[in-house]
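Asker: The structure follows.
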Amino acid sequence: MIITSCGNSKQLALRIARKLNVTYSPLTISAFPDGDTYLKFNAVVKGKDLVLVQSFQPSPEKSLLSVIWAAETAKDLGAKRVILVAPYLAYLRQDKRFHPGEAVSSRIMAKHLNSCINKIVTLDPHLHRYRSLKDIFTISTVKLTANKLIGHYIQNRIKDPVIIGPDWESYQWAEVIAREVGCEHTVLEKTRFSSRRVASRMVKDISLRGKDVIIVDDIISTGKTMIEALKKAQKAGAKSITAIGVHGLFVEKGLEKMKKAGFDQIITTNCIEHPTNRIDVMPLIVEELKKERRKR
Ligand code: R5P
């Protein structure tokens, strides 16, 4: 087995390789003066299982393209199998044509990966309208979850927790994490009355007064969803409010906006490398790759 990364997730890739005691070989990826991609493997991949560790942030398109380039080159060089570990897999929120003429980007992304990868391992993918990754991938798929790790983090550090999911889709994280922690939970549901008037309500009413509220979600992108939920918790008299996201994208100054809005803590896993990373998903990926090695 050889491990590499295609630009993102380098720290995670290095630590995974060290833990598994396998070679980490950096790829050379650059651009010709006209912008054409240049890619070179610096280790012999012939006959090997190649593991590409690459989150699809920043730059989802560039991330996807470099994975395709690396996988195609590895196959061409005689690699036995190419396994993609994408702790954060982009495009999954575009899981239907919301308006006529739109691209269903998740399907396009999957179609390209199906053609050059043998197996994909990802963490807490955004599955909303898809029931499973099998709905779009024809290759072998493994869906890992950071729910247990997040649960332990809360249990060990937060005194009087209640968990909130900021929107209906987040029940799949809020419910499981609350069970791990052994505390109450609810999710918020938004009702839009007009283009400017939106109200959110708790699907199940619970008291937040004097509590340490933790808002959990899979993705923090602009931070708007988290900030809306924070306002609700502030009004309801929460003692402290923490945001925990599996994938911290923090686009459009999302982190600054969240801090300004009044979060006491903002925590993410290292699925995407970021200063807010406090929860290490490396052990989950290592366990999965160990299974892969045992099969060979
Ligand atoms: C969407 O359904 C996801 O689960 C997140 O709630 C969403 O991506 C967060 O986006 P933002 O941070 O831009 O509000």
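The values are calculated or read from the model by the stated rules, or taken from the named source; none is laboratory data. Remember, it's a predicted structure, so these values are computed and weren't measured experimentally. Cβ: placed from backbone, ideal geometry, glycine included. Neighbour counts: every protein chain shown. For the accessible areas, the whole protein counts, side chains as well, though only heavy atoms, and no ligand, DNA or RNA atoms are used. Shrake-Rupley method; radii C 1.70, N 1.55, O 1.52, S 1.80 Å.
Asker: Given the conditions (1) surrounded by fewer than 20 Cβ atoms within 10 Å (Cβ to Cβ); (2) in the same structural domain as Thr269 (by TED's automatic domain parsing), and given that Lys134 satisfies all but one, which numbered condition is not satisfied?
Answerer: Single failed check for Lys134: (2).
Asker: So which of Asp205, Asp264, Asp212, Asp280 ends up being charged (D, E, K, R) and buried (at least 17 other Cβ atoms within 10 Å of the Cβ)?
Answerer: Working: Asp205 fails: buried (at least 17 other Cβ atoms within 10 Å of the Cβ); Asp264 fails: buried (at least 17 other Cβ atoms within 10 Å of the Cβ); Asp280 fails: buried (at least 17 other Cβ atoms within 10 Å of the Cβ).
Selected residue: Asp212, the only one of Asp205, Asp264, Asp212, Asp280 that is charged (D, E, K, R) and buried (at least 17 other Cβ atoms within 10 Å of the Cβ).
Asker: Looking at segment 1-20 only, could you name the residues that are open to solvent by 50 Å² or more (accessible area, probe 1.4 Å) and either closer than 14 Å to Leu284 by Cβ or in contact with a Phe, Trp or Tyr (Cβ under 8 Å, 6 or more places away or on another chain) (or both)?
Answerer: Arg15, Arg18, Lys19
Asker: In segment 232-251, how many are farther than 22 Å from Pro125 by Cα and loosely packed, with under 14 Cβ neighbours inside 10 Å?
Answerer: Final tally of qualifying residues: 2.
Asker: Restricting to segment 137-160, and then to whatever is in a loop (DSSP other than H, G, I, E, B) and away from the ligand (no atom under 16 Å from the Cβ), can you tell me which residue is most open to solvent (accessible area, probe 1.4 Å)? Full working, then the answer.
Answerer: Kept after step one, since they are in a loop (DSSP other than H, G, I, E, B), are these residues of segment 137-160: 137-139, 145-146, 158-160.
Then drop every residue that is not away from the ligand (no atom under 16 Å from the Cβ), which leaves 137-139, 158-160.
On the way: Phe137: 6, Thr138: 119, Ile139: 18, Ile158: 20, Lys159: 184, Asp160: 62 Å².
Looking at the filtered set, the residue picked out is Lys159.
Asker: A follow-up question, please. Considering segment 52-66 alone, what residues qualify as being over 22 Å from Thr269 (Cα atoms) and in contact (Cβ under 8 Å) with a residue 60 or more places away in the chain?
Answerer: Ser66
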